Structures are given as C-alpha cells and as structure tokens.
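Everything below concerns the one structure shown next.
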Amino acid sequence: MGNVFTRALAWNHQPRFRLAFVLVLLYLAKKLLGPSLMAMLIRWHFARAGETPRLIYRKTPANKKLLSHCVTMTQTKYYPPWNLFNGHLQTITFAKDKRGPKIKYKRQLLDMPDGGVVSLDWALLPGHSLRSKESDGTGSSWIEGVDPTRRTVLLLPGLTGGSPANYIRFTVAKLHEIGWQCVVLNARGCANTPVRTAQLYCTAYTEDLRFVLQQLDKKYGFCQEAFVGVGFSMGSNVLVKYLGEEGEQTPLTGAVSVGNPFNLIKVSENLSGTWFNRLMYDKALNRSMKSLFFEKSNAAEKFEGYPGLDMEAVRASRTVREFDDTLTSVLFSYKNADHFYEDASSDKKLRAVKVPLLCINAEDDPISSGGHLAYYESSRREKEGPTMWTAKPIAEFAEAVRYHREDDEVLFSFEKPFYHVTALQAMQHTWNNELTMQSYRRPVDVASQSMTVFQLINDDTYVFRRRMRFRDKVVTTHYLRFRLKTNSGYAIGHYFNAACSELDQEYCVVRISGRMKVDANEVAASKAATDIIFGLLRWENLNIGPVFTFTAS
C-alpha cells in the first residue's frame, strides 16, 4: 500500500518535484558561480518572463480615454520576481512579508448608528497637520489637516486586514507621490479597532461602508474634486457590491477592485477542491478569522449568549465554510453558508455600477481561480527587492478618473476685498445666519505660525484663526470657511479678515472657488457659475454680487 501511495504521489506531483529539483540546482549553482550566474538569470528573466496584462472592456470612447492614461496596463509588461513565478509562491511569501514603505497614520474612530465604531486611518500628504480636533457633536472626533479640495482615495483592506498591510502601504505611498491624500477604512475589530456592540462585518455587509461615505461626503465633499474607492480581496467585493446597490447615488467618482472573489460559491468550491488548497489556504484563512474573533479583538466577549450562536462550534471549525456556517450565517441571519455566499457575491452587481471601475485579478490567483493580492514585481537591481505592481495601475486609473471628470467641468473662482468690515460681521451675514456673539467660543492661545479652529458652526461651516510671523511682525487672520453644494458641482468659500497692527492695515476678502459641469463654452460656463454662487449666497447687508469677477482656473 505504501508503494502505491508513493507512486501516486510522485505521479501527481512530478511537476512540483521537478521544480524543487531545479531550484536546488540553481541554489547550488549560485553558491559556485556567484554574482555572474545571478546577472545571467536576471537578464534571461527580463527577456522571457514579461507579460502584458490582458484587458477586457467595452471599447467605448470613454473607456478608451480612461485607458489612455494607464500606461502600466496598456504599454508595459509585468515581470514577476524570478523566484516568485506563480500565484502560490507569491501568496505564501506575501503572507509573511512585512516589508514596504513606512506610512504615518492618524486614527479617527467613527461612531456607527448602532453604537459600534470603525476606524479611519488617515495618511495625509507630507507637510499636512495630523491632529485630532474636538467632537462635532456626533461623538466622532475629526482630523485636522484634511483638505476637502484635495483628490482623495478611500482604501478597503482584505479579510481581517487593515492599514498596516504591506499592499495598503505600497498603494498609499504611490498615491502620495502624485498628490492624493488617503484614508483607510478598518472594519469593526480589525487593526485594533474595538468592537463595542454585537455587530461585526462580513463580505455581504455594505452598511458600514455606506455610512462612512455619507459622513465623508457630508463633512468634506471629496467627490467634487475626485474621490476614488480602492478595495482589496474582501474589501473589493464589499466595494463593488455597494457600488451596484447605490448606482449613481454614490459620492465616489471611480473605483478599483483588486483580487475580488466576485462569486463566493465558486471560491468556496475552489478552496476545498484540492488537498493543497485545503491545507495552504482554507485552513489558514479559517485560523486567521478565528484569531481575529477570539484573540486579536474583543469580539468574542460581545457575543456571549448571542441567540443561536454556538461558540464551541466556532472554535472547532476547521474551514472557511464551517466558520461561515457557525458564525457569519448566525450573526447576519442567513440560513447557512451557501445562502450567505449567494447574497454576498458581487458579480451580480457589476452591471449596476455607474462609476468608472477597474478590476484587477491574477489568472493564477489561488483564492479566486482564474498570487492573491501579492502582485510582486521584479526589480532589475536585485538588492532593491520586489515592489507591488498593483500600486502603479491603481494610481494611474485614479488620475484617469480625475482627468475624465475634468473634461466636462470648469474651475472657477470669485474674489472681492472689503475694507472696514470685521470677520465677525461678515460671518453674521452668511447664508445660514446661525452665528451670534454668544455662540462664538473663546479662542485658544496658539503659537506663532499656527492655525486653530474656533468653532464648527454646522456641518458645512467653520471658523479658524491663523497667526503668521512675517519679518518680525505677526499677522493674525480670521477665516470663515464654508462649502456650498450645487446640483452641478460645488463651491468652497473662504472669508477672511487680516490685520497687522504694525502696518495699521485691515481688510476682508471673500473668495469662492469650485468646479461645475458644463455643456457649453467658457462664456456660458462663466455665467452659469456666477448664477450658482449669486443664488446660493444670501448676504443681508453686504452687497457683493455686482463686483465679483470670474476667473477660469
């Protein structure tokens, strides 16, 4: 019987044995021949291993225009590292790899309607402040330094993942290079996010993402510049499912899906289809999910006594399906794992997505058959080590979405100086008329060249003060900043009062800038922009309308 089993093993795995034999020979050759052999292998690798990504898309003018900005996918080849030449090797290496750029995050806990929390890890551009500021009355503390006029990416990590993951850090670093600010949404219980209620996340659950996007849109209005969602693995499935559910109502202007499982029933079958997948992936994913639930978060204690939940059965589960049968299905009211997988699969939602969407999948992805998330790219200089290939097409597609939107929009700005009018007087005559002397909080002393928020008037308006030293003189400026939403675009308004006692000069300036969609020429765009602003600003005592001038940016 032993001989029969040995023969069967050798017969079924001859290709793997041959590969192992070749790798041993290469290792011995490297020891004997040294750098010359490695240089030869690298040259051979770059000559033979490169492959151009295969693109599947409807050849519409809009899609062609988007892809014209994506040179990594259309004009260059992908080179895997010579020693990570298939999906299994990449995925196994990826699971243990802690390398990657260092990213400085500032965490914000965002309260959910049910009392739970998710965490937003902000990675702003270098040079921007990263300080928490006081609650806005909702219980959540927002972050200073976030620029509502800056193009922004929201990243959704994979199963049990979070902002520390190397694929997240590679992507953030690449986006920073081209001027995008980033924020990572860590699901309940993930990346040290506390679990406060008997509510978790799952691949089918889009409510947390929906609420987060609503709050970000309400607070910052990123969509008026460019607001792109990027999901990885489970995060990409949630993202695509959400986009299909929302249609044109989403504040996102584009999205990228990386390593999306799409059809969870097929993924489940693939995980259990071979002994190798069961051993290497199915059990590993199960251990990861149980570790998050029982060890790395406080989730288990929140679900003690939960109706229908058998904690011992969850602990005893050995596969992803068993975990979903015993835990996920119970918590989210599904009949069983198959019922959950059917509802969670995002492939049925693809046709309902209404924003530009790029889906990146590897043909040899061992999780979603077709390196799961591990798109290592070879470097011509061996010491540099591999980089993450996906970061480049993600950044290029985000830029393509931004350029695509700007083709039918116009930037505009208005400016008008006022003399002998204080900032407070101007604030009292803005369109909401909600600021009074009594509601104006006592300012906090700040150092020179600093900025302090005085008061959040409402969700779209706040007041801050900047002190700046200039040639041994201190200039104090009070700002009123407000956001105006329109049907065709947006406007960001700044009212500021500047005073320099040494120069005996004081003046006020109102500046409104924004972006709006247009279907005509610049003259028509100018008139439309003017009409929008004049219609929205209802100043009572300051007649600013007739003296505004339009400037195309």
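Show me 67-73, 310-316 ranked by packing, highest mean number of other Cβ atoms within 10 Å first. Present the calculation step by step, with values, prior to reporting the outcome.
Working: 67-73: 16.7, 310-316: 13.4.
The packing order, highest mean first, is 67-73, 310-316.
Assuming 0.36 nm per residue, please report the length gained on full extension of the stretch THR197 to PHE294 beyond their Cα-Cα distance. Please list the in-between numbers first.
Working: separation 97, 0.36 × 97 = 34.92 nm, distance 1.52 nm.
Stretched out fully, the THR197 to PHE294 stretch lengthens by 33.4 nm.
Which FRET efficiency, nearest 0.05, do THR52 and ARG315 yield, Cβ-Cβ r, R0 51 Å?
Working: r = 47 Å, r/R0 = 0.92.
According to the calculation, E is roughly 0.60.
Give me Rg over Rh for the stretch 266-340, both radii from the alpha carbons and Rh done the Kirkwood way, two decimal places.
Values: Rg = 12.5 Å, Rh = 12.7 Å.
Ratio of gyration radius to Kirkwood radius for the stretch 266-340: 0.98.
Around CYS190, with a cut-off of 12 angstrom between Cβ atoms, what is the net charge of the other residues, counting Lys and Arg +1 and Asp and Glu -1?
Values: positive: ARG188, LYS296; negative: ASP121, ASP208.
Result for the neighbourhood of CYS190: 0.
Length gain on complete extension for the stretch SER333 to SER272, per 0.36 nm per residue less the alpha carbon to alpha carbon distance?
Values: separation 61, 0.36 × 61 = 21.96 nm, distance 2.42 nm.
Extra length from SER333 to SER272 when fully extended: 19.5 nm.
Return the distance in nm (one decimal) between the two label points of a simple spin-label model at GLU177 and LYS64, each offset 7 Å from Cα along Cα→Cβ.
2.9
What value does the stretch 157-312 have for Rg/Rh, both radii from Cα atoms and Rh as Kirkwood defines it? Numbers along the way, then the final one.
Numbers: Rg = 17.0 Å, Rh = 17.2 Å.
Here Rg/Rh amounts to 0.99.
Compute the relative contact order of the stretch 266-340 as a whole-number percentage, counting only Cα pairs closer than 8 Å that sit 6 or more residues apart in sequence.
Numbers: 57 pairs, mean separation 18.8, N = 75.
Worked out over the stretch 266-340, it gives 25 percent.
For LYS348 and LEU25, what is the calculated FRET efficiency with R₀ set at 56 Å and r taken between the beta-carbons, to the nearest 0.05?
On the way: r = 49 Å, r/R0 = 0.87.
Efficiency at R0 = 56 Å is approximately 0.70.
Over 24 Å between Cα atoms, which of LYS174/LYS219; LYS65/LYS348; LYS106/LYS296; LYS65/LYS392; LYS106/LYS174 qualify?
Values: LYS174/LYS219 26 Å; LYS65/LYS348 26 Å; LYS106/LYS296 21 Å; LYS65/LYS392 18 Å; LYS106/LYS174 18 Å.
Result: LYS174/LYS219; LYS65/LYS348 exceed 24 Å.
Read-outs: derived from the displayed coordinates by stated rules, not from any lab. Everything numeric here is computed off the predicted structure, so don't read it as measured data. Cβ: placed from backbone, ideal geometry, glycine included. Neighbour counts: every protein chain shown.
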